[in-house]
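A.B. asks: Handing you this structure, nothing more for now.
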Amino acid sequence: MILSGRVVNISRTRIDFGFNALDNLHKMLLSQEYRKSRIFILVDPNTGKHCLPVLAKACPGLDSASVFEIEGEETSKSLVTAQKIWIELLAAQADRQSLLINLGGGVVTDMGGFVAAGLKRGIAYINIPTSLMGMVDAAIGGKTGVNLHNLKNQVGFFHSPSAIFIDPRFLKTLPEVHLRSGFAEVIKSALVGDPVLWRKILGKGASTILALETSDKFWQDMILKTVVFKNRICCQDFREKKLRKILNFGHTIGHALESLSMATDQNTLLHGDAVALGMIAETWLSHMKAGLSETEAIGIISFLRAGYQAQADVVKDSFKITGSSYDSIYDLLLHDKKNKDGQILFTLLQAAGKPRVSMRAGREEIVSALDKLFE
Ligand SMILES: NC(=O)c1ccc[n+]([C@@H]2O[C@H](COP(=O)([O-])OP(=O)(O)OC[C@H]3O[C@@H](n4cnc5c(N)ncnc54)[C@H](O)[C@@H]3O)[C@@H](O)[C@H]2O)c1
């Protein structure tokens, strides 16, 4: 892994982080390995507008690359979109030596990685994440996938990118709501793996952090620490046999809420917002099931409420949380990919920095956690 030109760690994927990341990409594309590759770039309308010109300026040779644009909404992360890109790639003579560059947030990198994994049994791809969610999470670790029937990431492959280039300057044009969404994964990462960072984040407060410029040292440190953490965990347990499951804190209930939102007309809940709400509920489950002290649980929940209460209220209003909506959430939980033998499994916290994986919880406990979330 290279951080601002410094080699920090050897991993299966090269990661460049810093303001010269795109210069390093330029050098890489000129190397023997890629000089003859046919290059394709995947964008969505926003990254095509705001990020593609930045990439083109840093890597002049990319002028001749073919650019494909997807709609870029969560609902476009589908087999239909994948098929469309595959057909376009074949029409443009893509072969096994071709290289796909994914320039965008998690939707583009999940989708592009999936397309690369499937085309001709796997072509190489590079991720250039442009959203906070992409930088600290989605672009790292080789999980690719699409949604199916409003269920999140049901079809996918583990297929590592050849390299990841993270230039935090892309965040300048990222809308605030997506910064807030990506911040949820930073919080999660600190809660499961970096108690020192968590205390710093807790001390500063969600609203203060979200109001800071992303060029602020506080943001840069948080992002870098989260990138290094995610990469370390994925290197140690690429296929999520055990350790990588710690990254799922907040995601069991979070994914159910997100799927429920996708099935409604409003479809307003962003992935990170759903994870933040999932963390509120799963923090309370952690108190009930994993020995998290009440004081620490309330501290975490209050912090998350300060950043995400409005999203909880929107969900509460739009889903009209009643006994029957809890039924829909429970049904979705029964589809969670992590389930085993029909049991719903959670990653919970014994304390900040002490995650416990594959914890079972029964229906009544889940209902109590949802009551806490929507109280
Ligand atoms: N594979 C993984 O390990 C993993 C991990 C976490 C999340 N995810 C997935 O990531 C997705 C969410 O990612 P996301 O939050 O990045 O969503 P996203 O890709 O939809 O991006 C959010 C929005 O920001 C815009 N955008 C992105 N970068 C921009 C920039 N620099 N300037 C202006 N606009 C910009 C996009 O066009 C989009 O409208 C979900 O599908 C989630 O399941 C995957």
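The values are calculated or read from the model by the stated rules, or taken from the named source; none is laboratory data. Quantities reported herein were computed from a predicted structural model and do not represent experimental measurements. Backbone-built Cβ (ideal geometry, glycine too); neighbour counts: all protein chains shown. To get the accessible areas, we keep the full protein, side chains included, count just its heavy atoms, and leave off ligands, DNA and RNA. Shrake-Rupley method; radii C 1.70, N 1.55, O 1.52, S 1.80 Å.
A.B. asks: Between ALA91 and ALA351, what is the label-to-label distance in nm when each label sits 7 Å out along the Cα-to-Cβ direction?
C.D. replies: Result: 5.9 nm between the two label points.
A.B. asks: Suppose R0 equals 41 Å; then what is the FRET efficiency for ASP317 and ASP237 from their Cβ-Cβ distance, rounded to the nearest 0.05?
C.D. replies: Once rounded, the FRET efficiency stands at 0.55.
A.B. asks: Still on this structure, please answer the following. Could you pull the Cα extents of the stretch 2-173 along its three principal axes, largest to smallest, in whole Å?
C.D. replies: Ordered largest first, the stretch 2-173 gives principal extents of 43, 32, 32 Å.
A.B. asks: What angle do you read, to the nearest 10 degrees and between 0 and 90, between the alpha-carbon axis of helix 294-319 and the longest principal axis of the chain?
C.D. replies: Helix 294-319 sits roughly 80 degrees off the main axis of the chain.
A.B. asks: Given C-alpha coordinates of the chain, what is the ratio Rg to Rh with the Kirkwood estimate of Rh?
C.D. replies: 0.96
A.B. asks: Per DSSP H run of n ≥ 4, the term is -39500 (n - 2.57); total these for the chain, divide by its residue number, and report the mean residue ellipticity at 222 nm rounded to 500 deg cm²/dmol.
C.D. replies: About -15500 deg cm²/dmol.
A.B. asks: Once you charge only the Cβ atoms, +1 for Lys and Arg and -1 for Asp and Glu, what is the size of the charge dipole of the chain about its Cα centre, to the nearest 20 debye?
C.D. replies: 1460 debye
A.B. asks: Further question: For helix 21-30, what angle does its Cα long axis make with the longest principal axis of the chain, in degrees from 0 to 90 and rounded to 10?
C.D. replies: 40 degrees
A.B. asks: Against the longest alpha carbon principal axis of the chain, how many degrees, from 0 to 90 and to the nearest 10, is the axis of helix 217-236 turned?
C.D. replies: So the helix axis and the longest Cα principal axis differ by about 90 degrees.
A.B. asks: About the Cα centre of the stretch 2-173, what is the dipole size in debye to 20, counting +1 per Lys and Arg Cβ and -1 per Asp and Glu Cβ, all else neutral?
C.D. replies: 460 debye
A.B. asks: Which value, in debye to the nearest 20, describes the size of the charge dipole of the stretch 176-374 about its Cα centre when Lys and Arg Cβ atoms bear +1, Asp and Glu Cβ atoms bear -1, and nothing else is charged?
C.D. replies: 900 debye
A.B. asks: Quick one: compute the contact order of the stretch 2-173, relative version, from alpha carbon pairs under 8 angstrom and 6+ residues apart, as a percent.
C.D. replies: 26 percent
A.B. asks: Okay, next question. Could you check which residue among LEU52, LEU277, LEU132 shows the biggest mean-square fluctuation in a GNM of the chain with a 10 Å Cα cutoff?
C.D. replies: Result for the chain, Cα springs under 10 Å: LEU52 fluctuates most.
A.B. asks: Right, here's the next one. If you roll a 1.4 angstrom probe over the protein chains with everything in place, what fraction of the accessible area of the chain belongs to carbon and sulfur, to the nearest %?
C.D. replies: 51 percent
A.B. asks: Please report the antiparallel percentage of the DSSP beta bridges confined to the chain, to the nearest 5.
C.D. replies: Of all bridge pairs located within the chain, approximately 35 percent are antiparallel.
A.B. asks: Within the stretch 143-172, what residues put their amide N at less than 18 Å from the label point 7 Å along the Cα-to-Cβ vector of PHE218?
C.D. replies: Only 172 pass the distance filter.
A.B. asks: Okay, moving on. If I model a spin label at THR295 and ASP63 as a point 7 Å from the Cα along the Cα→Cβ vector, what separation in nanometres do I get?
C.D. replies: Taking the two extended label points, one gets 6.4 nm.
A.B. asks: Sticking with the crude label model, points 7 Å out along Cα→Cβ, report the distance from VAL177 to ASN339 in nm, one decimal please.
C.D. replies: About 3.1 nm, to one decimal.
A.B. asks: What number comes out for accessible area per residue over the chain if the probe is 1.4 Å? Units Å², please.
C.D. replies: That works out to 43 Å² for each residue.
A.B. asks: Taking the Cα atoms of the stretch 300-373 alone, what are Rg (to one decimal) and Dmax (as a whole number) in Å?
C.D. replies: For the stretch 300-373, the Cα radius of gyration and maximum Cα-Cα distance read 13.7, 37 Å.
A.B. asks: Something else now. Under 5 Å between amide hydrogens, which residues at least 5 positions from VAL67 or on another chain qualify, with H placed 1.01 Å from N in the peptide plane?
C.D. replies: Amide H neighbours of VAL67, under 5 Å, 5+ apart: ILE41.
A.B. asks: Which whole-number percent is the relative contact order of the chain (Cα, under 8 Å, 6+ apart)?
C.D. replies: 14 percent
A.B. asks: On alpha-carbon atoms, Rg over Rh for the stretch 176-374 using Kirkwood Rh?
C.D. replies: 0.94
A.B. asks: Follow-up. How much length is gained if the chain between THR268 and LYS84 is pulled fully straight, taking 0.36 nm per residue apart and subtracting their Cα-Cα distance, in nm to one decimal?
C.D. replies: Net length gain for the segment: 63.7 nm.
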